[in-house]
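> Got a structure for you, questions after.
The values are calculated or read from the model by the stated rules, or taken from the named source; none is laboratory data. Computed from a predicted model, the values in this text were never measured in an experiment. Cβ placement follows ideal geometry from the backbone for every residue including glycine, while neighbour counts extend to all protein chains displayed.
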Amino acid sequence: MIKLRTLIVDDEPHAIEIIKKYAEQIPVLEIVDTCYNAIQAFHLIQQTRVDLMFLDVKMPGLSGTDLARSLKNPPRIVFTTAYQEYAVEGFDLNAVDYLMKPIGFDRFLRAVDKVLALERTEQPGLSSSDITHAQPIDHFLYLRIERRLVKVNTKDILWIESVRDYVKVVTSDKVHTTKQKISVTEELLPSGEFLRIHRSFIVPKHKIESYHPNYVVVNGNSIPVGRNYKDAVARQFMSSE
């Protein structure tokens, strides 16, 4: 099987971990390395062949777009970022795709398929079937608690609650409390699987047992729907009928 030698570049370890886990599910992708800054990636590309690079746009020092401009013969590039405003600049650099964080596995697969479509013009042996064996994978939150990083499988989360400067991540057997804004936690959750229903609450869609305009029930617990979220929450349920 033809392999695409793949490099992941991001200054956030959590982001690298997500992309790496996704890539490991796709037989055609061979991860050659991961880099935490653009300078490190620049030197690595000079020393080894890289066919595909998942490249964060906004990094300290040399940015991802600066790195792309500095390469005479760049690999295929899929930009990743939490900042929508960088999309135009990314496509101006002939990026194959542009993934917004948090990146869902389905969206990642579509980006890989775009890469394969381009590669097939040069390598007839490459086929979209190379990604059809990708399996759903677990997604984790890494919470800093008492100087440790605690790994929480997002499928175990019942709800997430904001309490002043902290968030409580509630699972069936434990409550994890970390100093973090709920908006930051929201960005780290798998795309499309969780629903913000209140300024202080996020719930997993698949664990909502019942819905009322003023609250949802999760694991027997009533969780309020905020006034400013009612329309968006209602649309979610109307669209699922």
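> Kindly check whether there is at least one residue in segment 190-201 that is farther than 26 Å from ILE103 by Cβ and either in contact with a Phe, Trp or Tyr (Cβ under 6 Å, 6 or more places away or on another chain) or part of a helix (DSSP H, G or I) (or both).
Scanning segment 190-201 turns up no residue that is farther than 26 Å from ILE103 by Cβ and either in contact with a Phe, Trp or Tyr (Cβ under 6 Å, 6 or more places away or on another chain) or part of a helix (DSSP H, G or I) (or both).
> Also, quick follow-up: Of all the residues that make up segment 165-189, how many are assigned to a strand (DSSP E or B), among the charged types (D, E, K, R) and touching a Lys or Arg at 6+ places or on another chain (Cβ under 8 Å)?
Total meeting the criteria: 1.
> Counting only residues that are touching a Gly at 6+ places or on another chain (Cβ under 6 Å), at pLDDT 80 or above and not assigned by TED's automatic domain parsing to the domain that holds LYS179, give me the strands (runs of 3 or more DSSP E) lying completely in segment 96-154 with at least 1 of them.
Answer list for segment 96-154: 97-100.
> Residue check: is SER162 surrounded by fewer than 17 Cβ atoms within 10 Å (Cβ to Cβ) and not hydrophobic (A, V, I, L, M, F, W, C)?
Answer is no for this residue.
> Quick check on this structure: which one of ASN219, ASN228 is of a type in the set (S, T, N, Q) and in contact with a helix residue (DSSP H, G or I) (Cβ under 9 Å, 6 or more places away or on another chain)?
The unique qualifying residue is ASN219.
> Provide a single number: the residues in segment 146-157 that are within 15 Å of ILE202 (Cα to Cα), among the hydrophobic types (A, V, I, L, M, F, W, C) and surrounded by fewer than 18 Cβ atoms within 10 Å (Cβ to Cβ).
Qualifying residue count, segment 146-157: 0.
> In segment 220-228, is there at least one residue being buried (at least 16 other Cβ atoms within 10 Å of the Cβ) and in contact with a Lys or Arg (Cβ under 9 Å, 6 or more places away or on another chain)?
Within segment 220-228, not a single residue is buried (at least 16 other Cβ atoms within 10 Å of the Cβ) and in contact with a Lys or Arg (Cβ under 9 Å, 6 or more places away or on another chain).
> If you don't mind, another one. Could you identify the single residue in VAL203, VAL170 that is modelled with pLDDT of 95 or more and more than 19 Å from the chain's Cα centre (by Cα)?
Among VAL203, VAL170, only VAL170 is modelled with pLDDT of 95 or more and more than 19 Å from the chain's Cα centre (by Cα).
> Between GLU24, GLU12, which is within 18 Å of LEU188 (Cβ to Cβ) and surrounded by fewer than 16 Cβ atoms within 10 Å (Cβ to Cβ)?
GLU12 is the lone residue from the list that is within 18 Å of LEU188 (Cβ to Cβ) and surrounded by fewer than 16 Cβ atoms within 10 Å (Cβ to Cβ).
> A further question follows. Within segment 41-49, does at least one residue satisfy the condition of being closer than 21 Å to GLU187 by Cα, of a type outside the set (Phe, Trp, Tyr) and in contact (Cβ under 8 Å) with a residue 24 or more places away in the chain?
No, segment 41-49 has no match at all.
> Continuing with the same structure: Checking SER172 against (1) free of Cβ contacts under 8 Å to residues at least 40 places away in the same chain; (2) surrounded by fewer than 11 Cβ atoms within 10 Å (Cβ to Cβ), which test does it fail?
Against the list (1) free of Cβ contacts under 8 Å to residues at least 40 places away in the same chain; (2) surrounded by fewer than 11 Cβ atoms within 10 Å (Cβ to Cβ), SER172 comes up short only on (1).
> Quick check on my filter: what residues within segment 50-74 are buried (at least 17 other Cβ atoms within 10 Å of the Cβ) and in contact (Cβ under 8 Å) with a residue 40 or more places away in the chain?
Those that are buried (at least 17 other Cβ atoms within 10 Å of the Cβ) and in contact (Cβ under 8 Å) with a residue 40 or more places away in the chain: VAL50, ASP51, LEU52, MET53, PHE54, LEU55, ASP56, MET59, GLY64, LEU67.
> Right, here's the next one. Return the only residue of SER172, SER183, SER191, SER210 being in contact with a Gly (Cβ under 7 Å, 6 or more places away or on another chain) and among the polar types (S, T, N, Q).
Within the list SER172, SER183, SER191, SER210, the selection yields SER191.
> Shifting gears a bit: I need every pair where a residue in segment 206-223 that is aliphatic (A, V, I, L, M) has its Cβ under 8 Å from the Cβ of a residue that is part of a loop (DSSP other than H, G, I, E, B), sequence separation at least 6 or different chains.
Filtered contacts from segment 206-223: VAL216/VAL225.
> SER162: at pLDDT 85 or above and outside any loop (DSSP other than H, G, I, E, B), yes or no?
yes
> Can you tell me which condition VAL169 does not meet? The list is (1) in contact with a His (Cβ under 7 Å, 6 or more places away or on another chain); (2) over 20 Å from VAL217 (Cβ atoms), and all the others hold.
Here VAL169 clears every test but (2).
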